[in-house]
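Enquirer: Quick one: the structure is below, questions incoming.
The values are calculated or read from the model by the stated rules, or taken from the named source; none is laboratory data. All figures in this text were calculated on a predicted structure; none of them were measured in a lab. Cβ placement follows ideal geometry from the backbone for every residue including glycine, while neighbour counts extend to all protein chains displayed. The accessibility values were calculated without ligands, DNA or RNA, using every heavy atom of the protein model including side chains. Shrake-Rupley method; radii C 1.70, N 1.55, O 1.52, S 1.80 Å.
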Amino acid sequence: KDIPGTSAISPGSSKECAPDSESPSGAGEADYCRRILVRDAKGTIREIVLPKGLDLDRPKRTRTSFTAEQLYRLELEFQRCQYVVGRERTELARQLNLSETQVR
């Protein structure tokens, strides 16, 4: 998968991490990472180590843009109680027209 500002060498250039003598992390590395070869804008080839579970094809979620009033209320609630849970969280979300997930 392409990374902004870089380009992959070829579709087959990705390879699973394998323990090697150059790897400081040793044998456990093969269980949770993969290596991808990329070419940067200058043409230099680099190897990037990424977690296997990283889904590069999944679209990123959009960041919530809070209004000034929402920020003010959320900051007030945070000063009063850092963890808003239960009915308070549900009510605050309803009052601010946000989801409960956004009121964290």
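Enquirer: Can you send over the carbon and sulfur percentage of the accessible area for segment 64-104, probe radius 1.4 Å, protein chains only?
Expert: 50
Enquirer: Sticking with this one: So which trypsin sites (Lys or Arg not before Pro) in segment 33-84 are both in a DSSP loop and have at most 14 other Cβ atoms within 10 Å of their Cβ?
Expert: The qualifying sites are 42, 52, 60, 61, 63.
Enquirer: Can you sort 38, 49 by solvent-accessible area, 1.4 Å probe, largest first?
Expert: Result, largest first: 49, 38.
Enquirer: Please sort by residue number the chymotrypsin sites (Phe, Trp or Tyr not before Pro) in segment 31-104 whose DSSP state is loop and whose Cβ has at most 16 other Cβ atoms within 10 Å.
Expert: Those that pass, being in a loop and sparsely packed, are 32, 66, 83.
Enquirer: On to the next question. Which cross-chain or sequence-distant (5 or more) residues have an amide H under 5 Å from the amide H of residue 34, H modelled 1.01 Å from N in plane?
Expert: 17, 50, 52
Enquirer: Oh, and also: How large is ³J(HN,Hα) for each residue in segment 75-86, as worked out from phi by the Karplus curve 6.51 cos²θ - 1.76 cosθ + 1.60 (θ = phi - 60°), to whole Hz, x for Gly and Pro?
Expert: Taking θ as phi minus 60°, the curve returns 5, 4, 5, 5, 5, 6, 7, 5, 10, 8, 9, x Hz for segment 75-86.
Enquirer: Between residue 79 and residue 49, what FRET efficiency comes out of the Förster formula 1/(1 + (r/R0)^6) with R0 = 41 Å and r the beta carbon distance, rounded to 0.05?
Expert: Taking R0 as 41 Å, the efficiency between residue 49 and residue 79 is 0.50.
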